[in-house]
Each structure stands twice: as C-alpha cells, then as structure tokens.
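These notes are about the structure you will find just below.
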C-alpha cells in the first residue's frame, strides 16, 4: 500500500502532502523535513530510490523524481513495485501537465483543490486505483463541471437574495 | 481586507463576510507576499478563519474550511477544533461545499474524533446517492477515517456498491473494503463473496482494484487465500495488464511457499512473463518473485539470474540498484549467482550512487568466507580510507558485523583479526567504537589463544597519546584498558602499560572511561607486586636493613585504617568463594602460581627487558609512587566510579606500601608475620583478578530461577515511569553534586551517554544486592562485580556457587550441565578455540518468524472460503466464560501468553509450545504462564521497556479485536487447517 504522496520544491517547501496512514500534523512536518534532507543531498543521475526505513519505519520504500523545481515523492511498502511507482509518478505528472498545460510549480501552489481531486482519482486509501491519465482527466473534468454547476445555481448567496427579496 | 471591513455594522455581517472574505487564492497570494512574516500571517489567517467558519452562510463557512484545510495540509496547523464545522459543511447539499467538507474530514478526522458518531447517516445518504461523484466522496472519506462503528453500520451500503454497474464507483467500493475488513472483520461474511466475484470481471479497472485488495489481504495472512489460487492463476495467465500482473505475482510470492504443488504449477507462467515482457517493472517483479519464493526451481532461478545480469549492466541506475537488490535476496541460497557477477559488484563499489555502493557492499560481504575474509577485509579497509565518512563507516560496520557473526565463525586467524580491529580504530573517520569495544572484550573472553596479541594491540592503542583526543575512540580505549588490565600477564613490560594508563592526556577521557583506566591500573599494579613477591620468594639473597621504612609503615597503616577496611573487604569475599569449593580453589591457586612463574620464565628467555631484575625494589617503589602521584587528584573526583576506584587503589597502596619494602628487607627475620600479611593480601587480590572472565550466555538470566517472594510483573510499565523520574536526579546523585559537572559533560558527551545507560543498571544493582543477601548463590560473586563494573558484560561462572539445599536445585543442575557440554572446546581445527555458550548465545533476536496470529479477518475469510464445517472444530466458549469477570481473567491470561510466546520466539527455546488450539487454550494458558513466568522476567529486563511496550501494544490491540468479536457475539474460529485447493489446478 502507498503510505504517502509528497511534492516539495527544491527549497523543501511542501507543495502537496497526503498521508494514507493517520499521521499527526507535526509528525507530518517532521517527515517531510527529513525526506527533504535526504533528497537534497542526492546528486543528479543517481538512482531514484531512497532507503526510508530510518524515516518511515520498517518495510517502507521511497521513490522520488525530480522535475524542474519540484521533487515528487512516493512512500510505500513491499506490496508495491518500485518501478511501477516510478511510472506512477510519471502518470501523476502527465496528468498535471494535461490539466494545467505545461505545469509549473505555481500551478501546484494555486490549485490546491484541483490537485487533490487529481490525486484522489489516482490513489484511493493507499491503493492505486487509476493509472491512465486520460481516465483521471475525464473524472476531474466531470467533477469541476459539477462543482461550478453547483456554485452557479446560486451565484448570489442565499443571504444576499433574501436581503433583496425584502 | 475582510478583517477591517467586517467590523462595520452597516450591513448584515454575513453579507460583508461573503463579499469581502478572502478566498483560498487570496490567502495563498498573501502567504507568498509574506509582508509580515509567514507565521504571523498564518496565525492572523487562522484567527480570521475561526470567525468565518462560524458564519451561517454556507459559502463563507466552506471557504473558511477550505482555507483551514490548506493550512493544515501544507502549513501543518492543527484543525481538530473545527471538527463540528466539518460535519456541517459535509452535509451541505451543494457539491462544491460537500467536497470541501469531505476533504477536510478525511484530512483531520481520526479514530478518536468525537463527532464521528454524527456522520454515519450523512455517509449512508451519500453512499446511496444517485450522483456517482457524491458516492465517490463518501467512499474516499470512508477509506481514510473508517472506525469499527462506521464500518459496521455502513457494511450493507458497501455490499450494494460492490456490484453496482458504475465502474467509477465500483472500483472505489472494492478498495474501501480493505479498510472496512480491517475495522470490522465481520463484514467479511457479508462482502467477501461479492468481492471474489469481482475477480471474474472483465473490466481492467475493476480487476486492478480487486487484485490490489487481495494483495493486501494476502500479505497479512496468505494461508487463508490459498483456495482462491485458481482465480489468481487464471489472471496470471490471461491478463495483459502489467499492474494487475505485478499484484498477482505478489500474491503468488506469498502463496507459493505454503503449497509446493501450487509453486510447481505457477513457476512456468512466471518464467514466461519474465521472458516475454517488455516492461521492466513486470520483469523485475517476476525476478523478485522467483528469487524470493521459487528459489528451489533451478531453471527458474537460472533464468532470473540471466535477467538480473541484464539489469546489472543497464545504464539506468535504478535498474542496477534493483538488480543488486535481487542478488542480495538470492545470495543466501544461491551464492553462485553473486559470484558470477563478482566483477560488476566490485566495480560498482565505487559508484557515485550511495544506494548502489551500499548494495554492492552487502553483496561483497555475502561473498566473504573463511578463505577470503583476510583478503576482502584488507581491500575494503584500504578502500574505506578513500571514501567519505558515511560510507567508510558502512564498510567498517559491515566488516565488523560479518566477522563477528556466529561467534566469529569465519575467522581462523584471530591474531590477524585483532590487529585488523586495531588498524580500524586508527582510521580517521571510524565511528564504530562501540562495536570494536565489544568485540575486543568479547574475543578476550572467548578466545584464549588471542590474548597475547590482543594485549599487544591494546598496548599499541594505549601508548599512543594522539588517540586520546578522538572522542570516537574513547570506547575502544576503554576496551584496550580493560584488556591491558585483565591480560597483563602476557605483557612484556607492565611498567610501560602502567605509564600509558596514567599518562596526563587521559584527562581527555570521559570519566566512565577513566574509571576503567584506573581499575586496570589497579590490576597491573597487583600483577607487578605479585610477580615481585614470587620473584623475591624464590630469591635467596637478602637486602641490607632498612628499619626506617618499617616504622613509617606502621604509622601509615594506623592512619589509613579506614582505607584498609575497604581494601580487605575484597579478601574475605575471595575467601568465600574458596570456601565453597576448596579443592577447586587450591587447584586454581596452583595453576595461577604456575602461570605466573611461566610468564616470568618466558620473559627471561625471550626478551632481555623482562629479565629477573625488572621487578626490582626500585622499580616497584617507583611504580607505587607513580600510581600515587597520578591518582592523587582523583580523590576529590565527583564521579562515583572514579572516586571509588581511586580510593581502592590508594588505600591498597597505603596498606601494603611499607610492608612490601619491609618484607624484602626483613625477610626471614623478626617481622615475618607482617610480611606474610602483605604478601597474602596481594596474593589474594591477585587470585581474584586472575580468575578468568568468560562470556555470558544470552539466556543465562532466564535460567536463574526467581527467588521466592520476588514479585516480577510481566509488564514493566511501572518501572518505566519510575525510571523516567529517576533520570534527572540520578545524574546528580552520581556526580555528588559536582559544580563542574556541566563542564565535564560538555567536554565528553560520550561520558554522559554512557552514564545514562548505566544508571538504570545501577538502580538494578542495588536491588540485586538485596536479593543477593537472600539468594546470593545465584548471582555472580561480589568480587566479580567489582572487577567488571558496569561497563562490561559480567562474567558467567555458574559452575560455582551452587546451593544444594535450594528447591530449584534441578534447574541449576540443568544449567550447569548445558553450559558444561557446550563449553567443551572443539579441537577439530587449527583455529583457536572460541568459547561458545549454548544456542541462546547465537540465536539472534531478529529471527522472528511471521506470526500466525489469530487474525479475525483471515478467520472469517477461511470460514467463507472453506465453508462453515470448520466452525464445529472450534469450541464455542463456555457460557460461563462470557460473564464479565471471567472474560477479564481470560484476557489477563492471554496477555501473559502473548508475552510468553513472543519470548519463546526470541529465545529460540528448544521447548515448544504445541500449536495452540482455541479449544484447549484455556487450560494451557495457566500452565504456560506458570512454566514461563520466570523466563519472561529476564528477557524483559534485558530488552528494556521498549520491548515491554511493544508487547503491551500488541496485546492491547488484540484485546480491542476481541472486544469487537464479543460485540458481534460470533466468536471466530482460527483453526489452522490447510485449506483445500481444488484439484483441477494442481
């Protein structure tokens, strides 16, 4: 099972963090920090695996990929395949790219909600549920449509309409 | 900004809030501007959110919650206070709000969130919604926060969704089952069949989800899922989806070891996949499956090794790394695979990627054997000099670990190994002080033949003043000092060693190490004096009179009466041990004297330095003066250990100083009785010191029966709280309120660390002494403790001190016998004898076999799969057992048993508990409890609270589960029965 998905920039600022075990927030911060501590010390062109037992406890593995200013990190246990997880990071990035057209760090910064929508379509309770970025995009678009529809039904807030109706 | 405007009371506040509320985007922009610093900005924003979230307007409320979720998720602010608002927003009819609410819930709710009780109906409603995205939200939330109650209440809804036609929802419903089963095992009875039906589904998404679920379930208890093997087999052969195949392979990796017929059948398709697939991930999974679970299928392994080779020579560092990992998995069973790739492995030892280097190092160590250990270690040590500190220590650590494995199994030439340790200690980056310390001492105790060389190495380390400045070496120096004291009889020049032990730069050492130095100096002194006496006794010549010294001695002696008390207290204890076995003692006396003579003779023949005149009157007096001078300042030491030991040695000197000169001067004359006294004391102490220290069996403590009236709880939690209280005052207690204590800590962080480790044992020592008063016979003789101190493993001499009157006589006999048989040296090889104790010495604690715990999920799964006939096999609990008092009793017993069985695993005890059967469980618990109670105590004591806590956690976990089963009022069976696999597969 997948235990955590993290995206952080090369300064160590978290841009996305989702833990599938219940982890208290301060512990989350600590984990992200220690992951960053390991990642930033690694050279380019080395393998994408990090031995994570010391950070996440026994039977945990970590793969990461470095894109431009961002690290994409997946933490998982022995029921996942390392190379498949690397592919999955690729899927995630591809999906983001489709969604934001040439995705950059700023897109992640300003689209908190949308990124979580994407994430929730790919991962579900620590399981990989969808590996095709087109399928993910389909669902994400549907959800966005639904969201804006539910907002436009009542573009003017109830309290305001009530006030006008007087 | 909202903060300022909303205070105006012109309009309804909710309108203002809505119109001027900062959106999440505003918040992010503000954070990025960071005009007033991030933390200030965030706390201001939180304040705002606290106000806005109370708004009656759903839009304002949900926006506030969204901002809060953002801050919780990426700025790590607690949002548990908003739990009730989360529930409110979740129940909004508008999808966008609902989504925010659900997101916040899955982010912030946990098992103890009180409002969880309020969301059951909301979830139920949304699970039944016609809008698949609403259903999806509820499922997603459930997969994160489900509790036993939620899982129980919502099982019917999940069951319905498992066969919905909407793929989008169905795959999520399948996945959520995992969490529901974990929380509410009885859901298995309802949902399992439908879950299995999904294995036949042709939709790849559904299949991926359901195979993923089974992969997780099977990793917890593979045995229960054997009946489903045909289904998995079909998927393995038919599926084209790599994700699905990887998961199925993982399932088979778990199932195959349980059922050889299955393995035989599956191995071929796996090899097919390995050959054909273009996807590296699938290929690697096939390789891993073969090397980990099909290692007895020669052809499959060969194919896998060919493929591993492909990975190893690939340019992609990831593939290289995984290839190396696969090799290290296969190394224990098929070393040839590693040897075949030896060149590659050694080449990549210098790769730039630390992962690859480390993996190569492991493989190199796997190749180490008796014949090549010298060569490989040489290469690695040289290499470590060139590598960065981190990797250097990895190398040293793995050499140390490999060479010491199984009581130095692969070492033939111990002299070489000891000098290698000496060499390692001098490597600048070496931080393996603790390990080297342990091994130096351990070898000293186990391997008799290595002691002379050991002493040489220790000497080399001790006399080098440069080493004293390196804090990483302090532990090694402590070991060297101990060795030099303990095996001083092999020294060519004890005076030189004494000088090294007392050199001024020892002030750089932490106090705990200095204490060892001082005590070793004591031993060296005793040795010199004893040799001197032996030598002078054998001499016929007499010296000119010197009455002045005799007088001053008498005066001194009177002054130091207090001191002599201290010193002589060792002598009677030596007498004591003599008293128990006089014949043995006298024999030892003889041998020691002979030994002493032999060394002297040896010295005479081999080195001129150790001629008869080395222990001259002058040299001895010089030695004594030197010791007095060097140790004088320590009488004011604030460290208890240092102070105590210094006092011992100084008082001893005062006691014998005069007499030693006297006895030579007045030999055979008027003061003969005085002379006898001094030399007798020296002889006695020397005897005490030359008592050989042996290694201690790991299980030695368990063999000591618990004295009656001693209450040891299974659970040492109370102790932990006590110790926690003690931690702070203890350091003061032992430093005697030193004003300089802080300073000293600053100088030597190692000293402090060591102190903290030894303090709890000091606590224990005081308890021990009390027990010793009552049952002293089962503990080490007091003078032993004195010698060894807290820093070293105490000697184990169970052959002494057997009290025949004790009622536990039999057990002790057993101990003696087992030790005796195992201590027998094996002269088969030219290799020196390594004293090994019983199997307890060697069995590593890590060898924990996967527990076949009575998992409720798998119990239910078996029941569903195999049919209900197994139910009859399990005895239902007695009706009387259900009364609450009995139940709690049972729990207690069970808890005890958990500890015991864990212990049993750890110890590798030959005694075996029969496989537990729920029907006979009740009776057995009591028996087991009694039988093993005494064993558990020592273990827990040794392992410390950590272990105890673990045990407790585990047991409490089990209790929770039992509670669940009680509530369901349908006790599950856990019969370990090999499930029937349909024959068409096999």
Looking at A:74, A:88, A:83, A:96, which one is facing chain B (nearest Cβ under 8 Å), modelled with pLDDT of 90 or more and crowded, with 21+ Cβ neighbours inside 10 Å?
A:83
Among the residues of the stretch B:272-287, the number that are within 11 Å of chain A (Cβ to nearest Cβ) and farther than 18 Å from residue B:233 by Cα is 4
Residue by residue through the stretch A:14-38, note down the ones that are surrounded by fewer than 20 Cβ atoms within 10 Å (Cβ to Cβ), facing another protein chain (nearest Cβ under 8 Å) and out of contact with any strand residue (DSSP E or B) (no Cβ under 9 Å at 6 or more places or on another chain).
A:22, A:26
Quick check: is even one residue across the stretch B:221-230 within 14 Å of chain A (Cβ to nearest Cβ), surrounded by fewer than 24 Cβ atoms within 10 Å (Cβ to Cβ) and over 25 Å from residue B:136 (Cβ atoms)?
yes
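Test of understanding: among A:98, A:114, which residue is farther than 20 Å from residue B:74 by Cα, without any contact (Cβ under 8 Å) to a residue 40 or more places away in the chain and assigned to a helix (DSSP H, G or I)?
Of A:98, A:114, the one residue that is farther than 20 Å from residue B:74 by Cα, without any contact (Cβ under 8 Å) to a residue 40 or more places away in the chain and assigned to a helix (DSSP H, G or I) is A:98.
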State whether the residues of the stretch B:325-341 include one that is within 18 Å of residue A:84 (Cα to Cα), modelled with pLDDT of 90 or more and within 14 Å of chain A (Cβ to nearest Cβ).
yes
Any residue in the stretch B:57-77 that is more than 39 Å from the chain's Cα centre (by Cα) and either without any contact (Cβ under 8 Å) to a residue 12 or more places away in the chain or part of a loop (DSSP other than H, G, I, E, B) (or both)?
yes
Among the residues of the stretch B:156-168, what is the count of those that are within 45 Å of the chain's Cα centre (by Cα) and either within 11 Å of chain A (Cβ to nearest Cβ) or not in a helix (DSSP H, G or I) (or both)?
1
Filter the stretch B:34-77 for residues that are in contact with a strand residue (DSSP E or B) (Cβ under 9 Å, 6 or more places away or on another chain) and surrounded by fewer than 20 Cβ atoms within 10 Å (Cβ to Cβ); which is farthest from the other protein chains (Cβ to nearest Cβ)?
B:75
Could you check the stretch A:105-148 and list, in sequence order, the residues that are more than 11 Å from chain B (Cβ to nearest Cβ) and in contact with a strand residue (DSSP E or B) (Cβ under 9 Å, 6 or more places away or on another chain)?
A:105, A:122
Taking the condition out of contact with any helix residue (DSSP H, G or I) (no Cβ under 6 Å at 6 or more places or on another chain), within 18 Å of residue A:83 (Cα to Cα) and surrounded by fewer than 19 Cβ atoms within 10 Å (Cβ to Cβ), does residue B:276 pass?
yes
Can you confirm whether the stretch B:255-271 contains a residue that is modelled with pLDDT under 90, away from chain A (no Cβ under 14 Å), more than 25 Å from residue B:306 (Cα to Cα) and not in a helix (DSSP H, G or I)?
yes
Name the residues in the stretch A:11-25 that are more than 16 Å from the chain's Cα centre (by Cα) and modelled with pLDDT of 90 or more, would you?
A:11
Out of (1) in contact with a helix residue (DSSP H, G or I) (Cβ under 6 Å, 6 or more places away or on another chain); (2) surrounded by fewer than 22 Cβ atoms within 10 Å (Cβ to Cβ); (3) within 14 Å of chain A (Cβ to nearest Cβ); (4) within 24 Å of residue B:240 (Cα to Cα), the odd one out for residue B:303 is which?
(3)
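The values are calculated or read from the model by the stated rules, or taken from the named source; none is laboratory data. Please read these numbers as outputs of a predicted model, since none were measured by experiment. Positions of Cβ are backbone-derived with ideal geometry, glycine not excepted, and every protein chain shown enters the neighbour counts.
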